[in-house]
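Data first, discussion second: the structure below is written as structure tokens.
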Amino acid sequence: MSLRILGVVAAALAAASLESVDAGGQEGSPKRSAKTQWTLTRTPDGQPDLQGYWTNATFTPLERPAELAGKEFLTEAEAVAYEKQAVLRENSQSKDDIHYDNVIWQSESYPKGAESRRTSVIFDPADGKIPPLTEPACDRALHTHRHRHDPVPIHPR
């Protein structure tokens, strides 16, 4: 019995000691006043720090659709119409799709909306599209593709 109590106490102390330790690479949140300007946090190599809470609870597409080219925000009426159309599209199924019922099996358990009225999640560059790869990125992608898909050469002994 006393060994069991000792084990429970040891486990509780171990858990308590771990609770106050920050994970590597994380900083405590600084106290900000109401007048402090927000600044983008960056990773150690200078890239934007994209850690945080990401959600799919939106009808806003990642890239701006062609029919909304040049338009960053929808009007309130357009947003309501867009949301109604998106709900209809998400909850519909073509008559020749007999594999499963999309409405039942692919429905989300959280409400979606278009509250921000943005026409795309991407806002920079201004066209709302994912920018093309740079030349070095294309070279890396080609190199990776070749090494993943070419057979490994067999070296004679």
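The values are calculated or read from the model by the stated rules, or taken from the named source; none is laboratory data. Owing to the predicted nature of the structure, the values given are computational and were not obtained by experimental measurement. Cβ placement follows ideal geometry from the backbone for every residue including glycine, while neighbour counts extend to all protein chains displayed. The area values use the complete protein model at the heavy-atom level, side chains included, leaving out ligands, DNA and RNA. Shrake-Rupley method; radii C 1.70, N 1.55, O 1.52, S 1.80 Å.
Here are some notes:
- Taken over the stretch 126-140, the criterion of being surrounded by 10 or more Cβ atoms within 10 Å (Cβ to Cβ) and more than 22 Å from the chain's Cα centre (by Cα) is satisfied by Cys138, Asp139, Arg140.
- Verdict on Phe73 being touching a helix residue (DSSP H, G or I) at 6+ places or on another chain (Cβ under 6 Å) and among the aromatic types (Phe, Trp, Tyr): no
- Qualifying residue in the stretch 47-60 (condition: over 22 Å from Lys129 (Cα atoms), polar (S, T, N, Q), at pLDDT below 85 and surrounded by 10 or more Cβ atoms within 10 Å (Cβ to Cβ)): no
- Residue pairs whose Cβ atoms lie under 6 Å apart, separated by 6 or more positions or on different chains, with the first residue in the stretch 81-103 and under 23 Å from Thr58 (Cα atoms) and at pLDDT below 80 and the second open to solvent by less than 100 Å² (accessible area, probe 1.4 Å) and in a helix (DSSP H, G or I), are Asn91/Val103; Gln93/Asn102.
- Total residues in the stretch 39-75 satisfying the condition of being more than 21 Å from Asp127 (Cα to Cα) and either outside any loop (DSSP other than H, G, I, E, B) or among the basic types (Lys, Arg) (or both): the figure is 1.
- Filter pass, Ile122 being open to solvent by 80 Å² or more (accessible area, probe 1.4 Å), modelled with pLDDT of 80 or more and among the hydrophobic types (A, V, I, L, M, F, W, C): no
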